[in-house]
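Asks: Before anything else, here's the structure in question.
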């Protein structure tokens, strides 16, 4: 889908996640309504806290990897320095084997925290979908637009007028969609709700002026939505930029200051949150090193994120700003707790455990029939390949392989190591 519609997001990956998160948001809003404070702003904050709490195990694993990576980097840099300028296949393979051995020593994968990030990414996108299109997931918010949208659908010229509102631009394609032009009642009403939910106070005033006969329904829906969207005296449906314009026109210094607080607070909290996160150091000073380039790219992105949040939260509805601020605050608290816990963790002890696990895994591999079949299979492959070589080339190749194996510079579970294990086993039994 290219745009966010009132219909719940139907993406194959994000859609089901958004559906689950939407139910959580709906339950939170129902709970707040029952205790007498139905507020989308407060619901967004509670929703954000719950979601970040559920994601905390993934966040912890990601930060733990960053700490271990900081310990690994000096060793990896030494290996890269050792093979610097060597582009032959043998050297590149040897470097790769040594780097793999370092990762195995620390008990982490070379993909690092990619798995955690890949899991979190669709969840974060789904969070945005739910918050940005609240009536699609929170039934009580959607109900606030009735019977107004039904009356507007039956009133001539309403669709044309709604398209002139400032909130209608992003939904322009919906007005020309076949479902809309063919008179699909649900689609038309959902489109009207999409526009009205993002409508500013000025848009609602224009609607009342245009459709005076529906003034009571317009006033009731606007009052209810304003009640739901009210948070600390601000309308979550209005953007800070609109609030600034209103404050300037009404000469309201208080509203002017409060409106600017949201984007600047969003920028500041994002900056603090990023500063507390462990920063990935480049694995080398070589400008051609991909890891170094990636680290520099991350550094640039971390500098841009607070500025981007400043711009978006100034121009988008205030509810999005509240979500970003709440998320940054929760991440900051999480980061402080995680950092303290990881700092107390004995990294050396963790490394010893990882080495023990690695050795145990290696011993199990040695004793499994599958390992023997793998070694035999690859021995046949080697024999097939060696038939094309001269006796002198075979002898030199075996000497070189044995020399590398005995130097201990290869992983113990590599093909060469397994082949030598088979050879040693045969020699002992013969």
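The values are calculated or read from the model by the stated rules, or taken from the named source; none is laboratory data. Quantities reported herein were computed from a predicted structural model and do not represent experimental measurements. Positions of Cβ are generated from backbone atoms using ideal geometry, with glycine treated the same way; all protein chains shown enter the neighbour counts.
Asks: Can you pull out the residues in the stretch 183-214 that are in contact with a strand residue (DSSP E or B) (Cβ under 9 Å, 6 or more places away or on another chain) and buried (at least 20 other Cβ atoms within 10 Å of the Cβ)?
Replies: Listed by number, the list holds a single entry, 200.
Asks: Looking only at the stretch 290-307, how many residues end up being under 18 Å from the mean Cα position of the chain (by Cα) and either modelled with pLDDT under 75 or surrounded by 13 or more Cβ atoms within 10 Å (Cβ to Cβ) (or both)?
Replies: Result for the stretch 290-307: 11.
Asks: To continue, here is another question. Output the residue which, of all residues in the stretch 29-40 that are assigned to a helix (DSSP H, G or I) and crowded, with 20+ Cβ neighbours inside 10 Å, is modelled with the lowest pLDDT.
Replies: 40
Asks: Also, quick follow-up: Residue 101 versus (1) touching a residue at least 24 places away in the same chain (Cβ under 8 Å); (2) buried (at least 18 other Cβ atoms within 10 Å of the Cβ); (3) more than 17 Å from residue 354 (Cα to Cα): which is the lone unmet condition?
Replies: The failed condition is (3).
Asks: Can you tell me which residue among 263, 317 is crowded, with 20+ Cβ neighbours inside 10 Å and modelled with pLDDT under 80?
Replies: 317
Asks: Taking the condition of being under 17 Å from residue 224 (Cα atoms) and within 29 Å of the chain's Cα centre (by Cα), how many residues in the stretch 32-49 meet it?
Replies: 7
Asks: Here's a check for you: in the stretch 136-165, which residue that is touching a residue at least 60 places away in the same chain (Cβ under 8 Å) and either touching a strand residue (DSSP E or B) at 6+ places or on another chain (Cβ under 6 Å) or part of a helix (DSSP H, G or I) (or both) is nearest to residue 16 (Cα to Cα)?
Replies: Selected residue: 136.
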